[in-house]
Amino acid sequence: MNRSIVGRHFDLTDAIKDYANSAIDTLNKFNLDIISASTLISSEEKNGKKGYKVEFIINLKDKNTIVVSQKDKDVYSAIDVAIERVKKTLGRCSEKIKNHKVMSFRDLGLDAEAVGEIEASEDEIEIVPMNLDDHKPIDIDEAMQHLKEEKSRQFIVFNDADGNMRVMYKRADGKFGLY
């Protein structure tokens with residue numbers, strides 16, 4: 001993990017750098033691939049009151065960047081509150097990954113099998129009659145209507161009017177795809 005600690009309008013002491021580094025070290029417990037962690041500490045003065053702003057920028061692999069800003073009168077308390085907010089956000093990301101259901105064979109890995117081997121003796125072979133309406137050519141609008149009517153069906157394979165085999169499927173955004 002790449003780290004950077006920058007002070008803006010503020011002289012960073014070794015104690016503050018060590019405190020920020022130890023706060024960043026606590027993020028490793030979430031087992032997420034953290035690419036970089038940047039800390040920006042700045043001094044601000046408004047209406048005669050002096051305060052500090054701490055900003056953590058955490059870049060995760062395959063995720064968006066997490067940015068947390070915190071203002072406080074004390075640098076150490078600002079770091080504490082900001083790092084707790086980062087931990088809460090990373091905890092949510094970690095839980096999403098743990099609760100993620102495997103949805104494809106690629107996610108299952110090398111041990112996945114599409115169809116198991118079927119062992120049947122010649123006595124057990126059974127002929128199942130097919131509905132001939134399934135093999136008649138249909139147009140794209142009819143295929144889309146079949147997909148809309150059957151909620152559990154994710155795709156339909158059909159022959160179009162030109163005799164080409166086509167596949168229409170439901171996309172995650174609610175639209176339909178066509179091969």
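Residue-wise test of (1) assigned by TED's automatic domain parsing to the domain that holds LEU12; (2) without any contact (Cβ under 8 Å) to a residue 12 or more places away in the chain; (3) touching a Lys or Arg at 6+ places or on another chain (Cβ under 6 Å); (4) more than 14 Å from ASP33 (Cα to Cα).
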position	(1), (2), (3), (4)
ILE58	yes, no, no, no
LYS63	yes, no, no, no
VAL67	yes, no, no, yes
ASP72	yes, no, no, yes
TYR76	yes, no, no, yes
ILE79	yes, no, no, yes
ALA82	yes, no, no, yes
LYS88	yes, yes, no, yes
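Taken over region 153-167, the criterion of being in a strand (DSSP E or B) and surrounded by fewer than 10 Cβ atoms within 10 Å (Cβ to Cβ) is satisfied by MET165 alone. Filtered by the rule that a residue be of a type outside the set (Asp, Glu) and buried (at least 18 other Cβ atoms within 10 Å of the Cβ), region 45-59 gives TYR52, LYS53, VAL54, PHE56, ILE58. If I filter region 157-170 for residues that are of a type in the set (Ser, Thr, Tyr) and at pLDDT below 85, do I get at least one hit? Checking region 157-170: not a single residue is of a type in the set (Ser, Thr, Tyr) and at pLDDT below 85.
Checking the stated criteria, SER42 turns out to be surrounded by 14 or more Cβ atoms within 10 Å (Cβ to Cβ), in contact (Cβ under 8 Å) with a residue 24 or more places away in the chain and out of contact with any Asp or Glu (no Cβ under 7 Å at 6 or more places or on another chain). Yes or no: region 61-79 includes at least one residue that is modelled with pLDDT under 90, surrounded by 15 or more Cβ atoms within 10 Å (Cβ to Cβ) and farther than 30 Å from ASN159 by Cβ. Checking region 61-79: at least one residue is modelled with pLDDT under 90, surrounded by 15 or more Cβ atoms within 10 Å (Cβ to Cβ) and farther than 30 Å from ASN159 by Cβ. Out of region 3-17, which residues are in a loop (DSSP other than H, G, I, E, B) and either among the charged types (D, E, K, R) or outside the structural domain of THR89 (by TED's automatic domain parsing) (or both)? Of everything in region 3-17, just one residue is in a loop (DSSP other than H, G, I, E, B) and either among the charged types (D, E, K, R) or outside the structural domain of THR89 (by TED's automatic domain parsing) (or both), namely ASP11. Tell me the residue from ALA20, ALA37 that is in contact with a helix residue (DSSP H, G or I) (Cβ under 8 Å, 6 or more places away or on another chain), of a type in the set (Gly, Ala, Ser) and assigned to a helix (DSSP H, G or I), please. That would be ALA20, the only listed residue that is in contact with a helix residue (DSSP H, G or I) (Cβ under 8 Å, 6 or more places away or on another chain), of a type in the set (Gly, Ala, Ser) and assigned to a helix (DSSP H, G or I).
The values are calculated or read from the model by the stated rules, or taken from the named source; none is laboratory data. All of these numbers come straight from a predicted model, not from anything done at the bench. Backbone-built Cβ (ideal geometry, glycine too); neighbour counts: all protein chains shown.
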